[in-house]
Amino acid sequence: MKSFTSTTSFVNGQHAVRAFPTQRPVRTSRRSLRTRAEAIKVGRCWVVAPPKRQPPRGIVHFLGGAFVSGAPQVLYSLLLESIAASGFTVLSTPYAVSFKHLECAATVRQDFMDSVQELRGNSSQSWMVPAGVPVLGVGHSNGALLHLLNSSQSGQVYTVANVLVSYNNKQVSDAIPIPGFLEALGPTARAAQEQQQPLPVELPSPSAVLETASGLLPFSALGLSQRQVADAGLLLEQLGSVVKEVGDGNSDFTPNPEESRRIVKAGYSPTATPTLLVQFTNDSFDQTPEMLDILLSCDGGAENVQGLTLPGSHITPCGTDLKWQIGAAGFSPQDALIMAVKQQSQVELRRLTQELVDFLGSCCAAASNPPTQPQGPVAGSPTPSVAQ
């Protein structure tokens with residue numbers, strides 16, 4: 001993959017371009033990733049702010065992958081807290097899995113905008129999203145696609161830089177590699193809709209079931225709060241929306257992968273939105289090389305697009321600091337294996353976090369120090385306005 005580094009930022013109608021060394025050591029400190037940041041719900045978004053009311057360097061809009069996007073504050077907690085601890089306010093937007101990607105992209109963008117405005121309207125929380133700081137996008141898997149779609153449409157661009165982790169945009173049949181699954185699910189879902197009868201009593205939601213279970217089962221021994229366990233029920237609730245869309249006749253994404261690639265190639269401006277693409281060495285779902293080639297072919301791509309390969313897998317960005325208690329019989333081979341796997345996963349997540357923070361930080365620095373002879377704005381690329 002391409003291994004150069006450069007960043008651009010759109011500031012006051014001008015573009016700032018700064019180059020950085022391509023070779024630098026990757027930090028792999030062994031300190032724990034656990035932080036004390038607590039996600040709070042504001043509007044539709046979960047917000048993690050820098051510690052000690054530290055003025056943020058930027059505002060990060062995070063979008064998770066399909067099926068884990070319903071509870072980002074649970075399944076991406078370490079990543080989000082670590083980015084916030086580095087001086088960024090992070091807003092993560094939950095969203096339901098949908099076949100309609102453009103509608104989903106517009107919805108998460110509006111949810112983000114609404115949450116920012118709600119924060120600014122609260123005197124005790126407005127410090128988290130000050131006017132004038134850059135807005136940066138970070139997306140994992142399907143979340144990376146949603147950021148690409150928003151940044152490729154006139155009037156939808158709101159980030160000055162994007163980080164796309166494990167970009168994925170497969171056909172539904174490839175994303176769900178179970179032969180005959182969709183063919184069987186469609187008629188079954190439609191038959192269920194046609195014969196649906198009201199239940200004599202209202203059944204509890206998955207969130208309510210898990211919240212009750214958290215009071216009976218020892219989830220606290222794993223470091224999970226009752227609220228975190230209940231939030232995980234949002235993941236189960238997404239299955240209903242998928243079944244309904246299949247029952248309504250949807251069997252593939254709209255736009256389909258080829259149409260999405262055309263939208264990005266025609267509308268994405270790396271000059272206005274410098275981009276870092278990250279893929280992992282052990283990730284069979286990843287389609288980063290395909291998108292990297294597309295973005296490099298766009299105007300300004302050679303100067304403003306960076307590709308990076310890191311050790312890890314498709315689920316490296318996901319993680320929470322689960323505790324593991326040694327059994328009464330003492331340290332066993334099982335304990336050693338589990339602790340080794342946990343330590344390795346944290347090393348990979350820490351490495352990813354450092355790369356993201358370095359890139360985001362360089363973009364913020366470029367935004368704060370525009371060049372004396374800036375390039376002109378790209379036609380059709382509106383000034384991101386959320387942080388103005």
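Among the conditions (1) in a strand (DSSP E or B); (2) open to solvent by 60 Å² or more (accessible area, probe 1.4 Å), the only one that S284 does not satisfy is (1). Within region 75-90, the set of residues being under 18 Å from C45 (Cβ atoms) and hydrophobic (A, V, I, L, M, F, W, C) comprises L75, L79, L80, I83, A84, F88, V90.
Of the residues making up region 56-112, those that are out of contact with any strand residue (DSSP E or B) (no Cβ under 8 Å at 6 or more places or on another chain), open to solvent by 10 Å² or more (accessible area, probe 1.4 Å) and not in a helix (DSSP H, G or I) are A66, F67, V68, S86, A96, V97, S98.
Quick check on V47: is it out of contact with any Gly (no Cβ under 6 Å at 6 or more places or on another chain) and crowded, with 21+ Cβ neighbours inside 10 Å? Yes, satisfied.
Residue count for region 132-180 under the criterion of being in a helix (DSSP H, G or I), over 22 Å from E81 (Cα atoms), at pLDDT below 95 and of a type outside the set (G, A, S): the result is 2.
The values are calculated or read from the model by the stated rules, or taken from the named source; none is laboratory data. Small disclaimer: the values here were computed from a predicted structure and weren't measured. Virtual Cβ from ideal backbone geometry, glycine too; neighbours counted across all protein chains shown. Accessible surface areas use protein heavy atoms only, side chains included; no ligands, DNA or RNA. Shrake-Rupley method; radii C 1.70, N 1.55, O 1.52, S 1.80 Å.
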